[in-house]
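Inspection log for the structure reproduced underneath, given as structure tokens.
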Amino acid sequence: MELIYRSTRNANETATASEAILKGLANEGGLFVPDSIPALDVSIEALAQMNYQQIAYEVMKLMFTDFTEEELKHCIDSAYDKKFDTPEIAPLVNKAGANYLELFHGSTIAFKDMALSILPYLLTTSAKKNGVKNEIVILTATSGDTGKAALAGFADVPGTKIIVFYPKHGVSPIQEKQMVTQKGDNTFVVGITGNFDDAQTGVKKMFSDTELAAYMNEKGYQFSSANSINIGRLVPQMVYYVYAYTRLVANGSIQAGDKINVVVPTGNFGNILAAYYAKEMGLPIAKFICASNDNKVLYDFFKTGTYDRNREFILTSSPSMDILISSNLERLIYKIAGNDAEKNAALMKNLTTEGVYTITDEMREKLAEFEGGYATEAETAATIKKVYESDNYIMDTHTAVAATVYDKYVEETGDKTPTVIASTASPYKFTRSVMNAIDEAYDSKTDFELVDELNKLSGIKVPQAIEDIRSAAVLHDTVCDKEDMLKVVKGFLNI
Ligand SMILES: *Cc1c(COP(=O)(O)O)cnc(C)c1O
């Protein structure tokens, strides 16, 4: 049966999976959500015998029902190949009393690769299926990691162009270097004088501008999104939770059917929402522990039922989580509002106009599986040092936020349920913060000296992604004001 996707802001706007992937965002700023989430139709025991690609197929076939088996397997096999530095794709590593699901073994060493390595294939397949003749312009706002992963995924993909906006002063030096050295004639990278939310708001505005869409169409272009609001990103992220669970079964840590908890370092709420969707598909998950850094708008939301972005935006050592508007939360709000687009749209309107909304008590009751936590900068650094010293395992700053929140959660609740912590970036991506956490004396060294020091301490090979940028030339140097994003896009497209 065909799965229908529907806008969170208009019950009458529907799409097939391939249409939703192509469009990215629904009209009126809505997000596409599946009408229902089908149950896994293979047993956990059978899944435990499968590899990553096979599990990916079992999950995606249920969500992308208008793709043929051949199309889906082509997308999966093209994405999850030698670009990853391990055949496991997402290894599960048991350290310091938890299971770290390492989602950073792809070409840009952050978890965004898990979805962005497949999105270009899903998108070009969707374009073909729907007879699209226009060139597709991928418009993306990034807090650091999406940008590079999207650039790498779409570079030189025929029929596409990709334009990435990042906060000029809001990403790590290595993140910036990774982006501005990107090769490919169809790639464009822009630093904006503003923060991530400004970049995301600017991109969303261009998406929902219907006059602009008509003008683009006249010129042979149409926008699509590589941001985590695209269901073509969300669904591939469900896969690794199923994979992690079945590895725990395979290695005897749990029995099929036992519940686990998951802890996710959260920014735009895409990763943790994918875990929630995986549960809807039948994965036994008890708690979703949503970990924030000092930008703890989600922590406050889960505590109080009020989402309030009216606060200072804080730059932290986990920049990919420096976000005050978590876009994917809207999909959860829609769900707990009883799939009521009108109710959801009213709340989102309040968020746009007042920067705040409050959910009803009835809606709050449906959030019982969610637990919010946050970690300060000092706590995050202390966790990196502690786990390095106890287990000789060096984690990145984002993962350390999650590990800290997990420690606090266990201390407060005594809940010893086997737990998977999403490890979202390689420590090599945030080398300075990671090394400073271990010893402040490292701060006097250059970024690439620190890379070599990290290599000495961890014994983990320097990833190719880092080797590649050591001497790479800067190819992109556009900087613009947040008001001028549209002008820049038109300039790139010569329209
Ligand atoms: C994007 C990102 C996050 C946040 O993920 P969301 O899906 O936006 O919640 C966390 N850690 C890292 C390293 C990231 O790149």
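Amide H contacts for Lys95 (H built 1.01 Å from N in the peptide plane; partners 5 or more residues away or on another chain; cut-off under 5 Å): Tyr100. Across segment 89-97, rounded Karplus estimates of 3J(HN,Hα) from the backbone phi angles (6.51 cos²θ - 1.76 cosθ + 1.60, θ = phi - 60°) give 6, 9, x, 9, 10, 8, 9, 6, x Hz, Gly and Pro being marked x. Taking all Cα pairs closer than 8 Å and separated by 6 or more residues, the relative contact order of segment 350-419 comes to 26 percent.
Give me D for segment 421-463 in µm² s⁻¹, whole number, from Stokes-Einstein with Rh from the Kirkwood sum over alpha-carbon pairs, 20 °C and 1.002 mPa s. Could the numbers behind the result be given before it?
Working: Rh = 10.6 Å.
Rounded to a whole number, D works out at 203 µm²/s.
Given the chain, what percent of its DSSP beta bridges are antiparallel, to the nearest 5? Don't skip to the answer; put the middle values down first.
Values: 14 of 52 bridges.
Taking every DSSP beta bridge within the chain, about 25 percent pair in antiparallel fashion.
Charged side chains reduced to their Cβ positions (Lys and Arg at +1, Asp and Glu at -1) give segment 302-352 a dipole of some 100 debye around its Cα centre. Which of rounded, prolate, oblate describes segment 64-188, given a ≥ b ≥ c as roots of the alpha-carbon gyration tensor eigenvalues and a/c under 1.5 marking rounded, otherwise prolate only if a/b is larger than b/c? It is oblate, given that a/c is not under 1.5 and a/b is not larger than b/c. Residues in segment 447-458 carry Karplus couplings, in order, of 4, 7, 5, 5, 4, 5, 5, 4, 4, 5, 5, 8 Hz; the curve used is 6.51 cos²θ - 1.76 cosθ + 1.60 with θ = phi - 60°, and Gly or Pro positions show x.
Let me have the 222 nm mean residue ellipticity of the chain computed from DSSP H runs of 4+ only, each contributing -39500 (n - 2.57), with the sum over all residues rounded to the nearest 500. Don't skip to the answer; put the middle values down first.
Numbers: 22 runs with 223 residues, N = 495.
Taking each H run of at least 4 residues, the total per residue is -13500 deg cm²/dmol.
In order along segment 210-221, the phi-based Karplus estimate (6.51 cos²θ - 1.76 cosθ + 1.60, θ = phi - 60°) of 3J(HN,Hα) comes to 5, 5, 4, 4, 5, 5, 4, 4, 4, 8, x, 10 Hz; Gly and Pro are listed as x.
Would the chain count as rounded, prolate or oblate if I go by the C-alpha gyration tensor, calling it rounded below 1.5 in a/c and otherwise prolate when a/b exceeds b/c, oblate otherwise? Please list the in-between numbers first.
Details: a/c = 1.28, a/b = 1.10, b/c = 1.16.
The shape class here is rounded.
Give the carbon-plus-sulfur fraction of the accessible surface of segment 178-286 in %, rounded to a whole number; probe 1.4 Å, heavy atoms of protein chains only. Don't skip to the answer; put the middle values down first.
Details: 1420 of 3210 Å².
Percent of accessible area from carbon and sulfur atoms in segment 178-286: 44.
Measuring from centroid to centroid over Cα atoms, what is the spacing of segment 116-149 and segment 278-302 in Å? Each part's Cα centre sits 27 Å from the other's. Farthest towards the positive end of the charge dipole of segment 117-200, among the residues Phe165, Leu122, Val180, is the Cα of Leu122, using unit charges on the Cβ of Lys, Arg, Asp and Glu. Report the charge-dipole magnitude of the chain in Debye, nearest 20, computed about the Cα centre from +1 at each Lys and Arg Cβ and -1 at each Asp and Glu Cβ. Taking the Cα centre of the chain as origin, the dipole is about 520 debye.
Multiplying the sequence separation of Glu483 and Glu45 by 0.36 nm and subtracting their Cα-Cα distance, what value in nm do you get?
Gain in length upon complete extension: 152.3 nm.
Computed about the Cα centre, the dipole magnitude for segment 260-349 is approximately 180 debye when only Lys and Arg (+1) and Asp and Glu (-1) carry charge, each at its Cβ. The loop-placed GluC sites (Glu not before Pro) in segment 247-344, going by DSSP, that have at most 12 neighbouring Cβ atoms within 10 Å of their Cβ come out as Glu312. Ranking Asn268, Thr146, Phe67 by how far each Cα lies toward the positive end of the dipole of the chain (charges on Cβ) leaves Phe67 at the top.
Please list Asp77, Asp209 from largest to smallest accessible area, probe radius 1.4 Å, with all protein chains kept in place. Mind showing how you got there, number by number?
On the way: Asp77 90, Asp209 55 Å².
The ranking, largest first, comes out as Asp77, Asp209.
When you filter the trypsin sites (Lys or Arg not before Pro) in segment 319-402 for DSSP loop state and at most 15 other Cβ atoms inside 10 Å of their Cβ, you are left with Lys366.
What shape does segment 166-322 take by its C-alpha gyration tensor, where a ≥ b ≥ c are the square roots of the eigenvalues and a/c under 1.5 counts as rounded, a/b above b/c as prolate, and the rest as oblate? Please report the intermediate quantities before stating the final value.
Details: a/c = 1.88, a/b = 1.56, b/c = 1.21.
Prolate, because a/c is 1.5 or more and a/b exceeds b/c.
Measuring spread by the Cα atoms of segment 354-442 yields a radius of gyration and Dmax of 16.1, 52 Å. Among the listed pairs Lys416/Lys456; Lys259/Lys303; Lys128/Lys461; Lys23/Lys183, those with a Cα-Cα distance over 29 Å are Lys416/Lys456; Lys128/Lys461. Between the amide H of Cys480 and those of Gly191, Ile192, Thr193, distances stay under 5 Å, these residues lying 5 or more places away or on another chain, with hydrogens modeled in the peptide plane.
The values are calculated or read from the model by the stated rules, or taken from the named source; none is laboratory data. These numbers come from a predicted model, not from an experiment. All Cβ positions, even for glycine, are placed from backbone atoms using ideal geometry, and neighbour counts span all protein chains on display. Side chains included, ligands, DNA and RNA excluded: accessible areas come from the protein's heavy atoms. Shrake-Rupley method; radii C 1.70, N 1.55, O 1.52, S 1.80 Å.
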